[in-house]
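Step one of this worksheet: look at the structure below.
The values are calculated or read from the model by the stated rules, or taken from the named source; none is laboratory data. Here the structure is a predicted model, which means the values were calculated and not measured. In this analysis, Cβ positions are derived from the backbone assuming ideal geometry, glycine residues included, and neighbour counts consider all displayed protein chains. The area values use the complete protein model at the heavy-atom level, side chains included, leaving out ligands, DNA and RNA. Shrake-Rupley method; radii C 1.70, N 1.55, O 1.52, S 1.80 Å.
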Amino acid sequence: MNKKRTSVFSNGLIWFGAGVSLAEILTGTYFAPLGFGKAMAAILLGHLLGGLMMFAAGMIGAKERKSAMETVKMSFGEKGSLLFAVLNVLQLVGWTAIMIYDGALAADGVLHIGNWVWALVIGVLIIVWIFIGLTNLGRLNTVAMTALFILSLVLFKEIFFNSDFVMLITASDDTMTFGAAVELAVAMPLSWLPLISDYTREAEKPVKATAVSAIVYGIVSCWMYVIGMGAALFTGESDIAQILLKAGLSIAGLLIIVFSTVTTTFLDAYSAGISSESIFSKIKGKCAAIVVTIIGTVGAILFPMDDITDFLYLIGSVFAPMIAIQIADFFLLHRDRRKNAFDWRNLIIWVIGFVLYRLLMRVDLPVGNTLPDMVITIVICVIVGKVVGE
């Protein structure tokens, strides 16, 4: 029986939902110290770089019809890929908890019934999304995305067409460098690199679906960053709930908070389930995704998760060199190491890339440190490949 494939439109909706995110708006607030002009430039440059990486990563899974962690086996071997599958599950559990925490905190800022209550509500809705499944969301996803689109337009209008805002757009100070801002803009698309193939592998038209996924996510993510940055300049707030309330949104803001959290966090939990299948073949992806959601909900209730910048940089240092090696192997060297248990050559190159990323974090580069790290890692991979061969 033929497996049901997702349309290009469905892939676009999935990544629209990923982009409409409280985490993106919150990260956007960090850009306010740069002033409007520099912040916009950093956001656009960072997302351009991140979008190109997303497309490359998504194309590997789309062409091979393999999940993200299955494609990792092509570069690191059957057993070697388990390291990244485990790290991916851990980062997805972390993302699930962070997203539920942010959503619950923001929702309680609008309607005070308790953070833990909102965490449970969001957690239950994510589980409902998981039960419905990726290929069956259909009309529900379309309705949810349409509502989020309209509400985010309202939020954008309230922030950017207020006369008080115009007087603040030139504000700037030195608390954030341009390079650090670019890196924060790259960080969100980068966090999806270990996931995108989980969705492009199911596409009817792999190339078009991958391109639409990267473009839609890039545009929407930029939009969320700009809303956060503009709101911080306009309201002087970094608290999402206060931003929404000061923008004149209450119930509409609450809907944005809850459904944007659900549609984004669903992807994290769903992919955690798929990655778990790569680690233990007997695990059912949906069951694992539900367990991840429950763990994330409990974590969101018990632990504070207010600053995610270190978490974003950790994700970058792990997965930027990983995908760089995959890009070099798949597009340039045409290597496939799935039949090997380990590919020690690539594992050593990954360690070099990881250490290089952490070292580059100490250097203020105009393009951030992800791009230089990936370029250097790809160059090392190609040179070693040409010298050593298979």
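Compute a Gaussian network model of the chain, connecting alpha carbons closer than 10 Å, and tell me which residue from Y217, Y270, Y313 fluctuates the most.
The residue that fluctuates most here is Y313.
Which of the peptides 359-366, 209-216 is most tightly packed, and how do the rest follow, judged by the mean count of other Cβ atoms within 10 Å per residue?
209-216, 359-366
Provide the per residue accessible area, probe 1.4 Å, for region 4-103, rounded to a whole number of square angstrom. Numbers along the way, then the final one.
On the way: 2770 Å² over 100 residues.
Per-residue value: 28 Å².
Given R₀ = 35 Å, what would the calculated FRET efficiency be for V124 paired with K38, taking r from the Cβ atoms and rounding to 0.05? Numbers along the way, then the final one.
Values: r = 42 Å, r/R0 = 1.19.
For R0 = 35 Å, the calculated efficiency reads 0.25.
Filter K205/K339; K38/K208; K66/K282; K79/K282; K208/K386 down to the pairs with a C-alpha to C-alpha distance above 24 Å, please.
K205/K339; K38/K208; K208/K386
Work through the residues other than F76 whose Cβ is under 13 Å from its Cβ and net out their charges, Lys, Arg +1 and Asp, Glu -1.
Result for the local shell: +2.
When the chain is fully extended, how far beyond the present Cα-Cα distance does N340 get from V298, taking 0.36 nm per residue of separation?
Going from the current span to full extension adds 11.3 nm.
If you take the beta carbon distance between L111 and I132 as r and set R0 to 41 Å, what does 1/(1 + (r/R0)^6) give as a FRET efficiency, to the nearest 0.05?
Between L111 and I132 the formula returns 0.95.
Please check which bits of region 15-35 a label hung off F160 would reach, taking the label as a point 7 Å along Cα-to-C-beta and the cut-off as backbone N under 20 Å.
Counting only backbone N, you get 16-35.
Counting alpha carbon pairs within less than 8 Å and at least 6 residues apart, what relative contact order, in whole percent, applies to the chain?
That works out to 36 percent.
For the chain, what % of the accessible area comes from carbon and sulfur atoms, probe 1.4 Å?
On the way: 10970 of 15790 Å².
Carbon plus sulfur share of accessible area: 69 percent.
State the extension gain, in nm to one decimal, for the chain segment bounded by D306 and R358, taking 0.36 nm per residue of separation less the distance between their alpha-carbons.
16.5 nm
Report the residues of region 38-70 in range of a label on L332: point 7 Å along Cα→C-beta, backbone N strictly under 15 Å from it.
Within reach of a label on L332, which here means backbone N under 15 Å from a point 7 Å along Cα→Cβ, region 38-70 contributes 53, 56-57.
For the ranges 114-123, 278-287, 95-104, what's the packing order if you count other beta-carbon atoms within 10 Å of each residue, average per peptide, and put the highest first?
With the highest mean Cβ count within 10 Å placed first, the list reads 95-104, 114-123, 278-287.
Only helices at least 18 Å long along their own axis, judged from Cα atoms, and with Kyte-Doolittle mean hydropathy of 1.6 or greater: name those in the chain from DSSP H.
Those that pass (Cα extent of 18 Å or more, hydropathy at least 1.6) are 115-132, 285-302, 370-388.
Return one whole number: the accessible area per residue of region 295-373 in Å², for a 1.4 Å probe.
Values: 3840 Å² over 79 residues.
Heavy-atom accessible area per residue stands at 49 Å².
Could you please report the charge total around T261, scoring K, R as +1 and D, E as -1 over all other residues with beta-carbon less than 12 angstrom from its beta-carbon?
Details: positive: none; negative: E24, D102, D268.
My count for the surroundings of T261 gives -3.
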